[in-house]
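What follows draws every value from the coordinates through simple rules; no lab data is involved. All of these numbers come straight from a predicted model, not from anything done at the bench. We place every Cβ from the backbone using ideal geometry, glycine too, and count neighbours over all the protein chains shown.
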């Protein structure tokens, strides 16, 4: 997908189905996700036991074929939701490298595809603490302002 800063595939699946994908080399695993690799490609397995990831699977996913398998993957809105959802934790962990990548990824997606950020924030809201939603809302506003500043200075919008 164009307009992305990262080259990570996000798979939305029940954790019980994860064992059916032996091709994925597990880097680590917790109750909500497992970063893995597949033939050198980074693949984030996002387990639908997490209510936000289940909502993404139902409302913000599309089916893509990988080899002989059809696997649900996040849409643009789903990618923005996942990145924004992760940012408060990354800030608390002082993972500036990841914060920078995620924010750039969101900015590229927003500029290229114009997802409805109000709808994205409304989708995140029920799944996070109010303080995290406030932080996520500020981050989204900052990213949108950056995109608008860029477009004002460059004199053009993404096509």
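Details
- Förster radius 22 Å - calculated FRET efficiency between residue 64 and residue 30, Cβ distance, rounded to 0.05: 0.35
- Candidates 48, 75, 100: whichever shows maximal mean-square fluctuation once the chain is modelled as a Gaussian network with Cα springs under 10 Å: 100
- Per-peptide average of other Cβ atoms within 10 Å, ordering 137-145, 55-63, 18-26, 104-112 highest first: 104-112, 55-63, 137-145, 18-26
- Candidates 74, 45, 31: whichever shows maximal mean-square fluctuation once the chain is modelled as a Gaussian network with Cα springs under 10 Å: 31
- Computed over the chain, relative contact order equals 21 percent, with contacts defined as Cα pairs under 8 Å that lie 6+ residues apart.
- Sorting the Cα pairs of the chain by distance into bins of 5 Å, from 0 upward, gives 2, 9, 17, 22, 21, 15, 9, 4, 2, 0 percent per bin.
- Gyration tensor (alpha-carbon) shape descriptor, region 77-159, a/c threshold 1.5: prolate
- For region 31-93, average projected area of the Cα convex hull in nm²: 5.0
- Working from label points 7 Å from Cα in the Cα-to-Cβ sense, the residue 149 to residue 94 distance is 2.5 nm.
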